[in-house]
Amino acid sequence: MGGWPVGEVIVITSGKGGVGKTTTTANLGVALAQLGMKTCLVDADIGLRNLDVVLGLENRIVYDLVDVVEGFCRLRQALIRDKRLEGLNLLPAAQTKDKTAVTPEQMRQVTDELRQEFDYILIDSPAGIEQGFKNAIAGADRAVIVATPEVASVRDADRIIGLLEAAELPPARLVVNRLRPGMVRKGDMMSVDDIVDILAIDLIGVVPEDEQIVVTTNRGEPAALTQGSRAGDAYRAIARRIRGEDVPFAEIDDRTGFLSRLRRIFGQA
Amino acid sequence: MLNLFGRNQSRDVAKNRLRNVLAHDRADTSPEFMDHLREDVMRIVSEYVEVGGQGVDVHLQSVEDHVALVANIPVKQLRRRGRPSNN
C-alpha cells in the first residue's frame, strides 16, 4: 500500500463526540512532524475550541480561523508554530463565533493555501453531521474515521462513511480507538475485526485504551511527543502507515494473546 | 457464544444490535435504496410469476435478533416455465 501524497488535506472525523478525534489529530500531527513532515493542524470546531489545549498551545493564540476568513489577518499570522517540535503548526478555531462564521468555500480556500506550504494538513472535525462537519470535509482529500468499540460510535461512523461517499471522497480509513484487548478476549468488547467487518472499510490504526492519554492531555503534551506510552506508539505507527510504510498491526492485535490462541485451538474463537 | 451463566456475550449482543440498526439506517438514509431493491426484486420475481398488481410490499423488518427482508407479492399465476428471457 502506497502512502498518502504530500500536500494532502486529511480530515479526522467520527460523527459521535467524545471518541478521540482531537486527541487523534494532535497525536498524528506530532507523529507526522517527528517523521520530518511539515504538518498543519486545523481546528474546525468553531465555538468549541479544543485542539489548542490538547496540544498545550492555548496561551499562544493571537488570531484564529475566523479572523483569517474574515480578512482580519493573514493566514501566516494565525499559525502557531510548536516550539517543542520542528514542523508542527496549529491553526486554531475561534472560540467566540459559531460554525456559521465559516462557509465550506472559505474553508476550501484556507486549505488550498495551506497546501502550498505544508506536507500534511489535518483537519479536526467537530462532532455531528451539520455545517461544522461540512466545513471540515470541504477542502479534504481523504478522511480518517475514529471509532471506539461501542454500538453508538460504530453506528455514527457508518453514517459518516455514507456522507463521505456522497461527497465523493476516496474510501475513508479507520482508527479504532480505546480498545481494551482484555475485554475483547473475555467477550465483553467488540474486536477490531468485528468493527472492520461491519463498517467494511480498511483499518489504518488501533489505539489501545491508555491512562497515559489522560495524563498527557492534562499536561498539554500529546502522548506521541515522548516515548513510552502504548497510545503514543500506536499513533506513531499510524503516521508511518500514512507515509506508506508497511507497519504490522500485530503488537496490539487482540487475537495474539495466549488465552485466545488456546480458544482458537479449541474452536471457540 | 454463551458465558458461564448462559447469557450471550455482550460482544455478540453488540454486534447483532449494530447489524440491526445499520440495516435500517442504511435503508433510511438513502431514499432510493429501498426503491431500487423493490424494483429489482419485482423484475426477477416477474420472470417466474405473473404479479397480481395491487398490494406489493417489500420492506425491512426486525425479527427477534436479526433483520429480515420481507416481501409480500400478490401472485396472479405462475408462469409455465421460469426465466423466459433465458430460453
Practice item. Specify the angular offset, from 0 to 90 degrees and rounded to the nearest 10, of the alpha carbon long axis of helix A:230-242 from the longest principal axis of the alpha carbons in chain A. Key: 70
Review point. Counting alpha carbon pairs within less than 8 Å and at least 6 residues apart, what relative contact order, in whole percent, applies to the range A:65-222?
Key: 15
Point to revise | Overall dimensions of the range A:179-244 as given by Cα atoms, namely Rg and Dmax in Å | key: 13.5, 37
Review point. Taking every residue in A:162-168, how many Cβ atoms of other protein chains lie within 10 Å of its Cβ, on average?
Key: 1
Study note, to complete from the structure: Phi angles of the range A:215-223, converted by Karplus (6.51 cos²θ - 1.76 cosθ + 1.60, θ = phi - 60°) into ³J(HN,Hα) in whole Hz with x for Gly and Pro, give 5, 5, 5, 4, 8, x, 10, x, 3
**Study point:** Average beta carbon contacts from partner chains per residue of B:7-18, 10 Å cutoff
**Key:** 5
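Report, in debye and to the nearest 20, how large the dipole of chain A comes out about its Cα centre when Lys and Arg carry +1 and Asp and Glu carry -1 on their Cβ.
Numbers: 33 positive and 39 negative charges, 114 e Å.
In total the dipole reaches around 540 debye.
Once you have the Cα-Cα distance between residue A:186 and residue A:103, take 0.36 nm times their residue separation minus that, and quote the gain in nm to one decimal.
Working: separation 83, 0.36 × 83 = 29.88 nm, distance 4.68 nm.
Taking residue A:186 through residue A:103 to full extension adds about 25.2 nm, to one decimal.
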Exercise for review: Normalise the Cα radius of gyration of chain A by 2.2 N^0.38 Å (N = residues in it) and let me know the number.
Suggested key: 0.99
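Using DSSP to define loop residues, name the GluC sites (Glu not before Pro) in the range A:135-243 whose beta-carbon has at most 12 other beta-carbon atoms within 10 Å. Please report the intermediate quantities before stating the final value.
Details: sites: A:150, A:165, A:168, A:209, A:211; in loops: A:150, A:168, A:209.
Here the GluC sites (Glu not before Pro) that fit, given the DSSP loop and packing criteria, are A:168.
Output the relative contact order of chain A, whole-number percent, from Cα pairs under 8 angstrom with separation of 6+ residues. Walk me through the numbers on the way to the answer.
On the way: 549 pairs, mean separation 68.3, N = 269.
Relative contact order here is 25 percent.
Can you give the helix-only mean residue ellipticity at 222 nm for the protein assembly as shown, where every DSSP H stretch with n ≥ 4 adds -39500 (n - 2.57) and the sum goes over all residues, rounded to the nearest 500 deg cm²/dmol? Can you show the working numbers first?
Working: 14 runs with 144 residues, N = 356.
So the calculated ellipticity at 222 nm is -12000 deg cm²/dmol.
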Check your understanding: What is the fewest-to-most order of A:40, A:73 by other Cβ atoms lying within 10 Å of their Cβ?
Key -> A:73, A:40
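At a 10 Å Cβ-Cβ cut-off, how would you order A:229, A:191, fewest neighbours first? Mind showing how you got there, number by number?
On the way: A:229 21, A:191 24.
By the 10 Å Cβ count, ascending, the order reads A:229, A:191.
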Check your understanding: Once you treat every alpha carbon in chain B as an equal point and sum by Debye, what is log10 I(q)/I(0) at q = 0.13, 0.17, 0.24 Å⁻¹?
Key -> -0.61, -0.81, -1.14
Exercise for review: Report, to the nearest 10°, how far helix B:31-45 tilts away from the longest principal axis of the Cα atoms in chain B, using its own Cα long axis and a range of 0 to 90°.
Suggested key: 50
Check your understanding: Taking the simple approach of a point 7 Å from Cα along Cα-to-Cβ for both residue B:34 and residue A:81, what is their distance in nm?
Key -> 5.8
Practice item. Take every DSSP beta bridge whose two residues both sit in the range A:67-204, then give the antiparallel share in percent to the nearest 5. Key: 25
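From Cα pairs below 8 angstrom and at least 6 apart in sequence, can you work out the relative contact order of the range B:10-80, rounded to a whole percent? Mind showing how you got there, number by number?
On the way: 68 pairs, mean separation 22.2, N = 71.
So the answer I get is 31 percent.
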Exercise for review: Taking DSSP loops as anything outside H, G, I, E and B, show the longest stretch in chain B free of trypsin sites (Lys or Arg not before Pro) there with at most 10 other beta carbons within 10 Å.
Suggested key: B:8-79
Exercise for review: Work out how much length residue B:83 to residue B:66 would gain on full extension: take 0.36 nm times their residue separation and subtract the Cα-Cα distance, in nm to one decimal.
Suggested key: 3.0 nm
Check your understanding: Using 7 Å Cα-to-Cβ label points, what is the residue A:197/residue A:168 separation (nm, one decimal)?
Key -> 3.5
Review point. If you find the alpha carbon centre of the range A:150-179 and of the range A:42-85, how far apart are they in angstrom?
Key: 27
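Bear in mind that the values in this text are calculations on the coordinates, not laboratory data. Small disclaimer: the values here were computed from a predicted structure and weren't measured. Please note: Cβ atoms are built from the backbone with ideal geometry, for glycine as well, and neighbour counts cover all protein chains shown.
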